[in-house]
Each structure stands twice: as structure tokens, then as C-alpha cells.
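Asks: First the structure, which I've put down as C-alpha cells, then a few questions once you've had a look.
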Amino acid sequence: MIFAANFKTNHTRESTKKYIEALLAKIIAKKEEDKVYIFPPATALDRYEGDFVLGAQNAYMTQNGAFTGEIGLQQLEEFDIKTILIGHSERRQFLGESQMFIADKFAYFQSCGFEIIYCIGEPLEVRQEGRESVMNFLLSQLEGIDISYEKLIVAYEPVWAIGTGRSATSQEIAFTHQALKKIIQKPLLYGGSVKPENSEEIVSINGVDGLLVGSASLEAESFAKIIIG
Ligand code: 13P
């Protein structure tokens with residue numbers, strides 16, 4: 001299983017360091033095959049030792065240059081960061097990232113050999129239209145994306161389940177994951193209100209290869225519970 005923590009705009013450099021120390025101490029007993037990823041804010045990227053992967057929540061598709069407010073490859077290389085989240089719904093919604101822009105970013109980081117956790121997920125109004133609309137919407141978020149990329153991991157995160165406390169039901173997750181698996185033969189994570197109370201059930205669903213966790217990953221104790229079970 002893959003367990004990924006997305007801190008979003010939470011934690012500082014100092015608190016991230018403490019978090020990682022605390023988490024690593026707690027997950028010493030994790031299954032060897034389980035993989036842990038942490039995506040702190042860009043200001044907390046650093047070099048860390050330990051059995052986990054540190055990734056970037058975002059970066060611009062450039063080595064370096066005049067892109068005020070952005071970080072590029074040069075800033076990630078300083079810490080040997082080779083993993084990135086692309087397509088998160090918050091960047092699509094609040095930062096205005098279009099599918100074309102996201103596909104360009106994907107192609108850039110693919111050409112740089114990054115491991116990419118690519119996020120897709122439908123808003124509530126699409127979910128309310130039924131499963132066919134959901135699948136069409138998710139397919140539209142794969143436009144321009146090389147789904148055969150060897151270092152691709154996909155995360156299905158229904159927008160209405162993110163940060164709402166209302167995770168998708170096991171049946172909804174099972175249906176969507178199994179339908180997606182027919183299209184993309186890649187590890188497929190679920191995200192959206194995952195917490196220690198529901199994580200065990202979600203990881204047991206056929207077609208779920210791991211979890212992408214926001215709020216419940218912010219405390220090391222809670223994320224460790226999700227990992228260890
Ligand atoms: P929550 O776990 O807070 O719902 O966030 C999920 C998410 O967006 C992870 O990328």
C-alpha cells in the first residue's frame with residue numbers, strides 16, 4: 001500500500017521536521033512493502049533521512065527563470081526531490097489550472113523523470129448526475145496525460161469528499177476504482193476525508209492501492225494510525 005500525506009498550506013519548516021521525526025519513530029513497525037510519501041509546503045522541503053519519500057505539492061515547468069512566486073527544477077534538485085503532485089483539485093479550482101496547463105506540466109515533469117501522483121476527481125454536481133457522468137468527467141481529466149508513464153501513480157479524490165468529513169462510500173470507491181483500473185493500469189490511490197476510523201475499510205477495497213490524506217495526515221499520530229492500521 002501507498003500512504004501519502006498532503007499537508008497543503010499547513011506546517012512550517014520547523015514543525016515538518018518534528019513531524020517527520022515523530023512519524024518515523026511511530027511507523028518503525030510498518031509493513032516493509034508499504035510506502036510512505038510526505039508532501040510538505042515548498043518552504044519545508046529539505047533533505048531528510050528515513051524510509052519515506054519527500055515530494056513537492058507543486059512546481060512550475062521550468063529549470064529556473066522569471067516566474068515570480070514559483071519554484072522550478074533547480075529548487076527541487078537542491079533536495080533531490082523527484083516526486084510531485086499534479087492536477088490536485090485545489091489547484092484546478094482555486095489556482096485556475098486548466099487541463100491543458102496541467103497536461104503541459106505533466107509532460108515536463110515526465111521528461112525530467114519525476115514520479116508523478118496525478119490527481120483526478122469530480123465535483124458534487126457531476127456525482128449527482130450519476131456514474132456515467134462521473135466517468136466522463138474523470139476521463140476528461142486524463143486528456144493530454146500519458147497514462148502509460150512508468151512512474152505514474154493516480155489519485156482519485158472526489159472534490160465533494162475533500163476536507164468535508166464525508167468520504168465516498170465503499171461502494172462508490174469500489175465502482176470508480178474498478179472502472180478506472182480498466183482504463184489505467186497504474187497504482188490508484190483514494191483521497192477525500194480519509195481518517196484512522198475509515199482507512200482500514202478503504203484500503204481493503206478491491207482496486208485501492210493506497211491513500212492520499214489531507215487533514216488526518218497533519219498530526220503524526222493520526223497519519224501513523226492510518227499507516228499501521
Ligand atoms: P482531506 O483528507 O482533508 O479530505 O484532503 C484530501 C486531499 O485533498 C489530499 O490531497
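Asks: Across segment 31-49, which residue is farthest from Thr9 (Cα to Cα) among those that are assigned to a strand (DSSP E or B) and not aliphatic (A, V, I, L, M)?
Replies: This residue is Lys35.
Asks: Next up: When the residues of segment 156-168 are filtered to those that are without any contact (Cβ under 8 Å) to a residue 40 or more places away in the chain and farther than 19 Å from Asp209 by Cβ, which remaining residue is least open to solvent (accessible area, probe 1.4 Å)?
Replies: Step by step, filter segment 156-168, then rank; the result is Trp160.
Asks: With the checklist (1) over 25 Å from Val154 (Cα atoms); (2) part of a helix (DSSP H, G or I); (3) in contact with a Gly (Cβ under 9 Å, 6 or more places away or on another chain) in hand, flag the one item Ala25 doesn't pass.
Replies: Looking at each condition in turn, Ala25 falls short on (3).
Asks: Within segment 1-10, take every residue that is open to solvent by less than 90 Å² (accessible area, probe 1.4 Å) and in a loop (DSSP other than H, G, I, E, B) and give me the one that is nearest to Ile227 (Cα to Cα).
Replies: Only one residue tops the list, namely Met1.
Condition check ((1) within 11 Å of the ligand (Cβ to nearest atom); (2) more than 13 Å from the chain's Cα centre (by Cα)) across all residues:
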| residue | (1), (2) |
| --- | --- |
| Phe175 | no, yes |
| Leu180 | no, yes |
| Pro187 | no, no |
| Glu200 | no, yes |
| Ser204 | no, yes |
| Val213 | yes, no |
| Ser217 | yes, no |
| Glu221 | no, yes |
| Lys225 | no, yes |
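Asks: Then there is this: From Ile86, Ile81, which residue is open to solvent by less than 50 Å² (accessible area, probe 1.4 Å), among the β-branched types (Val, Ile, Thr) and either closer than 29 Å to Trp160 by Cβ or in contact (Cβ under 8 Å) with a residue 40 or more places away in the chain (or both)?
Replies: Unique residue meeting the criteria: Ile86.
Asks: Can you tell which of Leu95, Leu73 is away from the ligand (no atom under 16 Å from the Cβ) and either of a type outside the set (Ser, Thr, Tyr) or open to solvent by 40 Å² or more (accessible area, probe 1.4 Å) (or both)? Explain how you work it out, then say what you get.
Replies: Numbers: Leu95 fails: away from the ligand (no atom under 16 Å from the Cβ).
Checking each option against the conditions leaves just Leu73.
Asks: Return the total of residues in segment 11-44 being open to solvent by 60 Å² or more (accessible area, probe 1.4 Å) and in contact with a strand residue (DSSP E or B) (Cβ under 9 Å, 6 or more places away or on another chain).
Replies: 1
Asks: Determine whether Ile184 is within 15 Å of Ile117 (Cβ to Cβ) and open to solvent by less than 30 Å² (accessible area, probe 1.4 Å).
Replies: yes
The values are calculated or read from the model by the stated rules, or taken from the named source; none is laboratory data. Quantities reported herein were computed from a predicted structural model and do not represent experimental measurements. When we count neighbours, we look across all protein chains shown, and the Cβ atoms used for this are built from the backbone with ideal geometry, even at glycine. Note: accessible area is taken over every heavy atom of the protein model, side chains too, but ligands, DNA and RNA are not part of it. Shrake-Rupley method; radii C 1.70, N 1.55, O 1.52, S 1.80 Å.
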